1. Run down B:279, B:250, B:261 and say which single residue is more than 19 Å from the chain's Cα centre (by Cα), surrounded by 13 or more Cβ atoms within 10 Å (Cβ to Cβ) and not assigned by TED's automatic domain parsing to the domain that holds residue B:83.
2. Filter segment B:449-478 down to the residues that are surrounded by fewer than 21 Cβ atoms within 10 Å (Cβ to Cβ) and either farther than 16 Å from residue B:319 by Cβ or not assigned by TED's automatic domain parsing to the domain that holds residue B:490 (or both) and list them by number.
3. Check segment B:282-298 and report whether any residue there is exposed (fewer than 13 other Cβ atoms within 10 Å of the Cβ), modelled with pLDDT of 85 or more and within 60 Å of the chain's Cα centre (by Cα).
4. Does any residue in segment B:350-366 that is within 18 Å of residue A:71 (Cβ to Cβ) come within less than 7 Å, Cβ to Cβ, of a residue that is outside any helix (DSSP H, G or I) and modelled with pLDDT of 85 or more six or more places away or on a different chain, and which pairs are these?
5. Taking residue B:192 as the residue in question, decide whether it is in a helix (DSSP H, G or I) and modelled with pLDDT under 80.
6. Looking at this structure, is residue B:358 exposed (fewer than 15 other Cβ atoms within 10 Å of the Cβ), within 30 Å of residue A:54 (Cα to Cα) and modelled with pLDDT of 90 or more?
7. Out of all the residues in segment A:253-269, is one or more in contact (Cβ under 8 Å) with a residue 60 or more places away in the chain and within 27 Å of residue A:168 (Cβ to Cβ)?
8. Can you pull out the residues in segment A:51-70 that are more than 9 Å from chain B (Cβ to nearest Cβ) and touching a strand residue (DSSP E or B) at 6+ places or on another chain (Cβ under 7 Å)?
């Protein structure tokens, strides 16, 4: 028997004055999910998180958490939800410990309990050596850790993270993603992340929702989304000359080719019939006397699914405009 | 070029925020407009004078009439106490106590009770009232001087009329003197020398006796008879001299009669002079006021202070402490709110299970603590300078400081939540503080403002706070006497607490 959703978003709509920000949002998040909400800037990701934590009220629709409407149970939601904002949300002029003590007390944690809890948290977040350091003096990575620590000081059941790896360099991103993964596994915290960095979402999340132009285009497990929304495969081609103009020109006239792009040194061709297109490409290499360096057929990445879906929307909207 | 670009950028950033631009441009304009409208006058307005006299006389009525002008409003009180208390309670600016049946001869002065703790107003009021009293005093002084001068004129006329008499008397006396001299000389010239005439009868008897005894003839006594003849001749000479004396006596009697007449005439003149002098004297005696001081200042006044004598520092202390509370309270609260709003942690505070009022309360208590620490420092310094024992501070002062601080802190918090940027909030805080300062009695007395503006300015929290603090610290007033102003303070606290709460609700979603 399927479990009821841990968090259920139903028919959510939100506008700011005349501008529609969210349109008919429906999502289900299960307990212990790491749920990624992906979308471009301005797609409504942050607004959706703000509604989830009760900071904004939706114009329409409901969010049900553990079978209870959060609007009617805000006290519980505040206690059960943790949040970290894109820019970090702590006091730079307070030390690491002081920040944790302050936010712990706001989450109704008793002094004695905090006394025991803070050293454990400092240890698990790798902040034990910076306990008395001012937050402003911490490195960016440490600040991010502190921010997340402040977000889960009260042991929430759900942690919402708005672009948690934004502005971080790749090693720090990996560090933070590992930390989130640990939080999810060790503390059984359901995590909802918004991001436009699809690679990292693919890396950490088990479920994903694609938010585009204020509405959800697709949602589910990453594999489901890929299966469901990408009927194409990718052919990656690299030639010695790396000049693809003539090949592209020929490929564009080919019926089975959905799209062509150049990614780095490679030509990427999207197709639903890879065998036919592969033969055609090999023929073109021979025809133009190109030297083949590498060619392979891949399953589409989340990025491709996202691109594919948003492209479809764009194409659908074009005739409508006419 | 870079400099211009940087300046241009700063201007653009400023005008991008409509509220900042508006406050920057309109703030000084509104301030100048209000201040120039309010202080464009050198007069005093709406000065209330309490007046009391056990029995009003014409003079006291007339003086009250003189005071009752557009500028002053005279209110008669039932008792002297209520009049003096009225000054302490700011019902009256001055209390005038007129002596019973005040008249020009009274030696008692009109006593004006003023509140010297209002140091920038009291002397203006004293001068103003003094000039009004001076007008009446000059009128009275003129009347008294006129009486004096009229009497002098009358005396002068009389003297003019009689001024020939002494000359006449003198000449008559001279004449009498000469006559008297002449008489004296005549009397001196009388020859009263006389040879002894002898006793003719005895001589004759003796001669007869001798002739009888001797029977001598008459020749025997020839010598004797010669002697007798000589004596007789002498007697005859004496008789002629006596006749001359009689003649002189006749003359002298006549002279004496003349002298007597002259003396009679002199007596008449002297009596006339005496009469004139009596008249002058009675006229002078009829002048009621002869005291020079009274003639120069017929209405004497006395200024007394209802407040105990103290230093200017003590008197200005309430205003000083309110200035500190106002600036600290408003700036500290608005800055801390803006700091909090611009803090990265602001958002997290919002999503914690913490009631909104707790944030407001904590900000309020934080600012209150800082302001109270500042007040404590100022108090200790003040008490040290004035060598005042700590236990002399009325407990009510502490309550007032708490209430006044609360108002300014809540105003500051409201400003903090109202404006988005620190510079706008600062300009607003400065503008509001300066307006409250200008429309108090700290720089210029409120009484220099037109009545309508005065009525509004009386509700200025600064004015109320300063007044309450002064009344308690200088006059040791009780809570019941301050109940009206205290209730206004409490109403302000409630109003700004609600406004701040509402503004936080509005701004929290707007500013994040």
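1. Only one candidate qualifies: B:279.
2. B:450, B:451, B:452, B:453, B:454, B:455, B:456, B:459, B:476, B:477, B:478
3. So far as segment B:282-298 goes, yes, one or more of its residues are exposed (fewer than 13 other Cβ atoms within 10 Å of the Cβ), modelled with pLDDT of 85 or more and within 60 Å of the chain's Cα centre (by Cα).
4. What qualifies is B:351/A:53; B:351/A:83; B:352/A:107; B:353/A:107; B:353/A:108.
5. For residue B:192, the condition - in a helix (DSSP H, G or I) and modelled with pLDDT under 80 - is not met.
6. No: the conditions fail for residue B:358.
7. Taking every residue of segment A:253-269 in turn, none turns out to be in contact (Cβ under 8 Å) with a residue 60 or more places away in the chain and within 27 Å of residue A:168 (Cβ to Cβ).
8. Passing the criteria: A:51, A:52, A:58, A:59, A:60, A:61, A:62, A:63, A:64, A:65, A:69, A:70.
The values are calculated or read from the model by the stated rules, or taken from the named source; none is laboratory data. Being a predicted model, the structure only gives us computed values, none of them experimental. All Cβ positions, glycine included, derive from the backbone under ideal geometry; neighbour counts span all protein chains shown.
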